[in-house]
Amino acid sequence: MRRDSFRGQHGAVIALMVATGFLSSGIGWAQTEPQGSPDRAPTAADRRVETDPKVATSEGSAGEGTSKAGGGERLTAADPVEFFRQHFFPFEPFYFIVGTESPNAKFQISLRYQLFIADSWVAEQWSGVTNLSVAYTQTSLWDWNGPSAPFFDSSYKPEVDYTWLHVDRGRWADWIRLDLQGGLQHESNGKGGADSRSLNLVYLRTTITFGRVGRFQVSVSPKAFVYLGELSDNPDLADYRGYVELRAVLGWSDNVQLAALGRVGDDFDRGSLQLDLTYPMWKLPVLRSSVFLQAQYFTGYGESLLRYNERSDVFRAGFALFR
């Protein structure tokens, strides 16, 4: 796919997301004052282990320029900082890690934007609209060993998703939770010519969490997806990525966690496995910080979208803002 063609498609996706976000934001701003929604779509941490009570407490406190009214937090003035705090949430893990082999550095940024908050006029007509979000995730590999230290490859993944939280409503047990998420995702690497890679997919993710909040928990999250349109830039991509992936996480929300992400292609020897071990730095007696220490090991095919059909075994370590 030519670079100008990619820019046109990618720009159209971004423009649609931005326009939708501003439209919904304008409706929410004009009709009512924003209020945090307890039933927002789950973040990466929500899908694995329940949110840290420290974070939940800070999110529930009233900030500058707000007042308590009718038991909820409402803006008393046009405060953009508070307004965006009501809408933006973490999505996939957010980290920066480095290793010794090229490409040395790897980082991922990921955010979700909740289109409609609970107090918006649209949500008053249909409460389920608060589960609709747009999200953006970017994963980049950075070759520090190369001349001028270029970026080796990046994956840009905008998406629209809808999430059903606590589908079980506690009917099974108070230590089991079921969440569902469906979405439409685009992924491309922004390159042209022979290095161009792109795909579109529709997915359904089921997340089952075992364990009570604040205690040891195990989360299992299978994700099934189908590709939309032709994979003309990478016709054999499905042979390596397959049509399903499985994420499992075990640990504590405020302590150590081990996450595993596995994919299987058309044969088991074409799959991949990524292991992430994280530990909160605020647990350390000296180096107290709000970030996490992270160690990651990847083995198999497709760490980069550019070389999805090449095998690699890489270890990196660094820091994560959330996991």
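Laid out as a table, the results:
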read-out	value
Elements of type strands (runs of 3 or more DSSP E) in the stretch 158-247, at least 1 residues being under 24 Å from SER127 (Cα atoms) and of a type outside the set (Phe, Trp, Tyr)	176-188, 198-210
In the stretch 106-158, the residues that are buried (at least 19 other Cβ atoms within 10 Å of the Cβ), more than 23 Å from LYS191 (Cβ to Cβ) and of a type in the set (Phe, Trp, Tyr)	TYR113, PHE116
The stretch 82-119 - residue that is touching a Pro at 6+ places or on another chain (Cβ under 8 Å) and polar (S, T, N, Q) and, of those, farthest from ASP313 (Cα to Cα)	GLN86
Filter pass, LEU261 being aliphatic (A, V, I, L, M), out of contact with any Lys or Arg (no Cβ under 6 Å at 6 or more places or on another chain) and not in a loop (DSSP other than H, G, I, E, B)	no
Unique match (being out of contact with any strand residue (DSSP E or B) (no Cβ under 6 Å at 6 or more places or on another chain) and closer than 28 Å to ASN234 by Cα) among ALA149, ALA135	ALA149
Cβ-Cβ under 6 Å pairs, at least 6 apart or on other chains, the stretch 167-178 side in contact (Cβ under 8 Å) with a residue 24 or more places away in the chain, far side assigned to a loop (DSSP other than H, G, I, E, B) and not basic (Lys, Arg)	TRP175/GLY211; LEU178/VAL167; LEU178/ASP168
From ASP276, ASP313, residue being under 27 Å from GLN181 (Cβ atoms), of a type in the set (D, E, K, R) and in a strand (DSSP E or B)	ASP276
Positions within the stretch 195-219 being under 15 Å from VAL167 (Cα atoms) and of a type in the set (A, V, I, L, M), in sequence order	LEU204, ILE208
Qualifying residue in the stretch 164-178 (condition: modelled with pLDDT of 95 or more and under 28 Å from PHE298 (Cβ atoms))	no
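Residue by residue, here is whether (1) modelled with pLDDT under 95; (2) on the phi > 0 side of the Ramachandran plot; (3) in contact with a helix residue (DSSP H, G or I) (Cβ under 8 Å, 6 or more places away or on another chain) holds:
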residue	(1), (2), (3)
ASP195	yes, no, no
ASN200	no, no, no
ASP236	yes, no, no
LEU250	no, no, no
SER253	yes, no, yes
ALA259	no, no, yes
ASP276	no, no, no
LEU293	no, no, yes
GLN296	no, no, no
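Quick grid of which residues meet (1) in contact (Cβ under 8 Å) with a residue 24 or more places away in the chain; (2) surrounded by fewer than 19 Cβ atoms within 10 Å (Cβ to Cβ):
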residue: LEU275; (1), (2): no, yes
residue: PRO280; (1), (2): yes, no
residue: GLY302; (1), (2): yes, no
residue: LEU305; (1), (2): yes, no
residue: ASN309; (1), (2): yes, yes
residue: ARG316; (1), (2): yes, no
residue: LEU321; (1), (2): yes, yes
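Residue-by-condition table, conditions (1) out of contact with any Leu (no Cβ under 7 Å at 6 or more places or on another chain); (2) closer than 16 Å to GLY182 by Cα; (3) touching a residue at least 24 places away in the same chain (Cβ under 8 Å); (4) of a type in the set (S, T, N, Q):
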site	(1), (2), (3), (4)
ARG85	yes, no, no, no
ASN104	yes, no, yes, yes
LEU111	yes, no, yes, no
SER120	yes, no, yes, yes
THR130	yes, yes, yes, yes
GLN138	yes, no, yes, yes
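The values are calculated or read from the model by the stated rules, or taken from the named source; none is laboratory data. Just so it is clear, the structure is predicted and the values come from calculations on it, not from any experiment. Note: ideal-geometry Cβ built from the backbone for every residue, glycine included; neighbour counts use all protein chains shown.
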